[in-house]
Amino acid sequence: MSKGEIAERVVRYVVSEIVDEPDAVELEMVDDGEDSAVAEVRTAKSDMGRVIGRRGRVARAIRTLAGAAGDEEGIDVQVEFLD
Amino acid sequence: MVREWVEATGSTVDIAVQAALQELGLESRDQAVVEVIKEGKPGILGSAWRAEDAVVKVMAKPPDRKRRRRRGRGGKNRGDGESGEDTRGSDGTPTTTPDQRAKGGKGAERPRREGRGKAQNAGERQPVKAAGETRESTSRGAGEPRDRGRGGQSGEPERTPREEEASIEEQAKVAEDFVKGLLGAFGLEGTVTTTIDDDILKIDVTGDQTEALVGRKGVIMQSVLEITRTVVQRKTFGAPRMRIDINGYAERRREALKIYAARQAERVLEDGGEVMLEPMNAADRKVVHDAVAEIAGVRSYSEGEDPDRAVVISKDEANDDE
């Protein structure tokens, strides 16, 4: 299992379920030191707001879930939402 | 369009908005249109002293916009305002749409109630102390042709407004499927069931491994709920009130909170003044508010911004402009 795999799966799943254009979702797991990784998420422009949510609520929830997924394999996972 | 404004006050705009949302049975500010009437001023040093309440007007937002792409059942406009399943337009053409949207945008002629979600699943929760200025019947107005052919294919077909919200049973299914998928993504074994009680959709997750989705103070669990709600909203045009429990955690926490809240309330009753509890998430705050509401002589409200938002319990004396 590659590092951050669970988080990757979780983030991909969650984001895809939320957006209008799941096919436009791009997710890249970037190594960020030994025990941590960054999930870089890109979506169709029109979907970004949805993924962030009002006052960042959805984004925060996604980060929490990504963190929980990281915990499952003992790494820290950050999530970045990129334009 | 018909909107039901609810006016609410609170120590901050945010608090007032939250109160109004609750009144309207809405889950989040996204679902509402908010008008700030008065900003309000914080008290000195976090106390209520010299504080001025914020006043806001809030109403449910139409569930269109951003809610394109609905679930696949060909989602048609249903012709009558509120009832169940509609099978019309099963040919799958975007029959409803832009035309309706256009109308919807303009108001008057669409006395359909806002936020179908609400109308359907939360009918009884419609605003209690709504100002009532605009409340009208939920039936369609005359002159509301809802002829679906018109404009059906033009413009922005995805922005199908007014798609009916799915039944709560369908929403339960969407929620259940989503959470199951989430467990799968996490690689956790567990069981997901949903129950509907009093228009509240309750999601129960059980299984030893699913403990991983609880988190400190249930924070992961609440995130699961937040996302699930977002998904339900996206796929069914609205979301009922939802709760989640994982391995009974929420239930245990609720019981503990009730006891805690009652104890703090007693303290206020005895000593006067106010007690600010530790910051809690919305669900926990709700439990506290409910518990306090059952105790005569005290009241509660929330203060601060998430994630530091906290319940304050105070003596119930001046019941001003409620």
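The values are calculated or read from the model by the stated rules, or taken from the named source; none is laboratory data. Nothing here was measured: the structure is a model prediction, and the numbers come from that model. Heads up, the Cβs are rebuilt from the backbone with ideal geometry, glycines too, and the neighbour counts pull from every protein chain shown. Side chains included, ligands, DNA and RNA excluded: accessible areas come from the protein's heavy atoms. Shrake-Rupley method; radii C 1.70, N 1.55, O 1.52, S 1.80 Å.
If I filter the range B:163-172 down to residues being assigned to a helix (DSSP H, G or I) and among the acidic types (Asp, Glu), which single residue comes out as least open to solvent (accessible area, probe 1.4 Å)?
Among residues in the range B:163-172 that are assigned to a helix (DSSP H, G or I) and among the acidic types (Asp, Glu), the one least open to solvent (accessible area, probe 1.4 Å) is B:Glu170.
Answer yes or no: is there a residue in the range B:250-266 that is within 13 Å of chain A (Cβ to nearest Cβ) and in contact (Cβ under 8 Å) with a residue 40 or more places away in the chain.
Within the range B:250-266, not a single residue is within 13 Å of chain A (Cβ to nearest Cβ) and in contact (Cβ under 8 Å) with a residue 40 or more places away in the chain.
Of the conditions (1) at pLDDT 95 or above; (2) under 23 Å from A:Glu21 (Cβ atoms), A:Gly67 clears all except one; give me its number.
The one condition A:Gly67 does not meet is (2).
May I ask you to list the residues in the range A:1-51 that are acidic (Asp, Glu), in contact (Cβ under 8 Å) with a residue 12 or more places away in the chain and within 14 Å of another protein chain (Cβ to nearest Cβ)?
Answer for the range A:1-51, where residues must be acidic (Asp, Glu), in contact (Cβ under 8 Å) with a residue 12 or more places away in the chain and within 14 Å of another protein chain (Cβ to nearest Cβ): A:Glu5, A:Glu8, A:Asp20, A:Glu21, A:Asp47.
Residues in the range A:28-38: is at least one on the phi > 0 side of the Ramachandran plot and modelled with pLDDT under 95?
Within the range A:28-38, one or more residues are on the phi > 0 side of the Ramachandran plot and modelled with pLDDT under 95.
Please enumerate the residues belonging to the range B:9-25 that are at pLDDT 75 or above and over 19 Å from B:Val311 (Cβ atoms).
None - no residue of the range B:9-25 is at pLDDT 75 or above and over 19 Å from B:Val311 (Cβ atoms), so the list stays empty.
For the range B:9-42, give me each residue that is in a helix (DSSP H, G or I) and open to solvent by 20 Å² or more (accessible area, probe 1.4 Å).
Passing the criteria: B:Val13, B:Gln18, B:Ala19, B:Gln22, B:Glu23, B:Arg29, B:Asp30.
Can you name the condition, by its number, that B:Ala175 falls short on among (1) away from every other protein chain (no Cβ under 14 Å); (2) not in a strand (DSSP E or B)?
(1)
Which ones in the range B:205-239 are farther than 17 Å from A:Ile18 by Cβ and at the interface with chain A (Cβ under 10 Å from one of its Cβ atoms)?
B:Gln209, B:Ala212, B:Leu213, B:Val214, B:Gly215, B:Val219, B:Ile220, B:Met221
If you go through the range B:189-228, how many residues are within 22 Å of the chain's Cα centre (by Cα) and either over 23 Å from B:Glu27 (Cβ atoms) or surrounded by fewer than 15 Cβ atoms within 10 Å (Cβ to Cβ) (or both)?
5
Might you let me know whether the range B:285-293 holds any residue that is under 21 Å from B:Glu23 (Cβ atoms) and within 14 Å of chain A (Cβ to nearest Cβ)?
No, the range B:285-293 contains no residue that is under 21 Å from B:Glu23 (Cβ atoms) and within 14 Å of chain A (Cβ to nearest Cβ).
Tell me, yes or no, whether the range A:36-50 has at least one residue that is of a type in the set (Val, Ile, Thr) and under 30 Å from B:Lys61 (Cβ atoms).
Yes: the range A:36-50 contains one or more residues that are of a type in the set (Val, Ile, Thr) and under 30 Å from B:Lys61 (Cβ atoms).
If I ask for residues that are polar (S, T, N, Q) and farther than 15 Å from A:Ser36 by Cα, which ones from the range A:50-83 would you list?
Residues satisfying the conditions do not exist here.
So A:Asp71 clears everything in (1) of a type outside the set (S, T, N, Q); (2) at the interface with chain B (Cβ under 8 Å from one of its Cβ atoms); (3) surrounded by fewer than 19 Cβ atoms within 10 Å (Cβ to Cβ); (4) in contact (Cβ under 8 Å) with a residue 60 or more places away in the chain except one condition, right? Which one?
(4)
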